Amino acid sequence: MTYCLQCSHKLQLKIPDDDNRKRLVCPSCSYIHYENPKIIVGVLPYYNNKILLCQRSIDPGYGLWTIPSGFMECNESVEEGAKREAFEEVGITCSDLNLFVIYSIPSISQVYMLFTSELGSDQFAVGPETLSAQFFLFNDLPWDDIAFSSVTFSLKNFIANFPLTDSKVFIN
Ligand SMILES: [Zn+2]
């Protein structure tokens, strides 16, 4: 960001008074632009010892496999965001969500909050950000073609600890 959101003056990178980090500050109106980590919410959907994965139709990770997930929107809870992403990306309605992974990536200021959800059927419908979707047996996952380290971490912990108890949360 280069210009002030409030008055369009050029911003300066400096440490504001009573702060200890550099921020983008407006020298004209004193607006301070705070940047904080982004939260990504998602669901690991499973049914009858199979996991539903989506093949991404967008970058990053075009053509690679992931679980339905995406940036949390304002004014929604993490559960609502995860359910929304699951419906948008692969057309599934998740009723019971259990938080099972919190995965931080400080280098890019992202935090993943991922839930498991046992599906009531094997029906799904591919959305616009998905090339295809498929149920994979636990021992037949496409490990070499997983889109994100958070997803690999989630899948490994899910399989190693299946069936999970509601209270078990894995943190990287
Ligand atoms: Zn300003």
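Whenever a residue of segment 85-105 is without any contact (Cβ under 8 Å) to a residue 40 or more places away in the chain, its partners that are among the hydrophobic types (A, V, I, L, M, F, W, C) and surrounded by 21 or more Cβ atoms within 10 Å (Cβ to Cβ), lying with C-beta atoms within less than 6 angstrom and at least six residues away or across chains, give the pairs Gly91/Phe124. Among the candidates Leu44, Leu11, Leu53, the residue that is crowded, with 17+ Cβ neighbours inside 10 Å and within 16 Å of the ligand (Cβ to nearest atom) is uniquely Leu11. All conditions in (1) modelled with pLDDT of 95 or more; (2) within 16 Å of the ligand (Cβ to nearest atom); (3) out of contact with any His (no Cβ under 9 Å at 6 or more places or on another chain); (4) of a type in the set (S, T, N, Q) hold for Ser28, with the sole exception of (3).
Somewhere in segment 60-79, is a residue within 20 Å of Ile108 (Cα to Cα), outside the structural domain of Asn139 (by TED's automatic domain parsing) and surrounded by 14 or more Cβ atoms within 10 Å (Cβ to Cβ)? So far as segment 60-79 goes, no, none of its residues is within 20 Å of Ile108 (Cα to Cα), outside the structural domain of Asn139 (by TED's automatic domain parsing) and surrounded by 14 or more Cβ atoms within 10 Å (Cβ to Cβ).
The values are calculated or read from the model by the stated rules, or taken from the named source; none is laboratory data. Values in this document were obtained by computation on a predicted structure and should not be read as measured data. We place every Cβ from the backbone using ideal geometry, glycine too, and count neighbours over all the protein chains shown.
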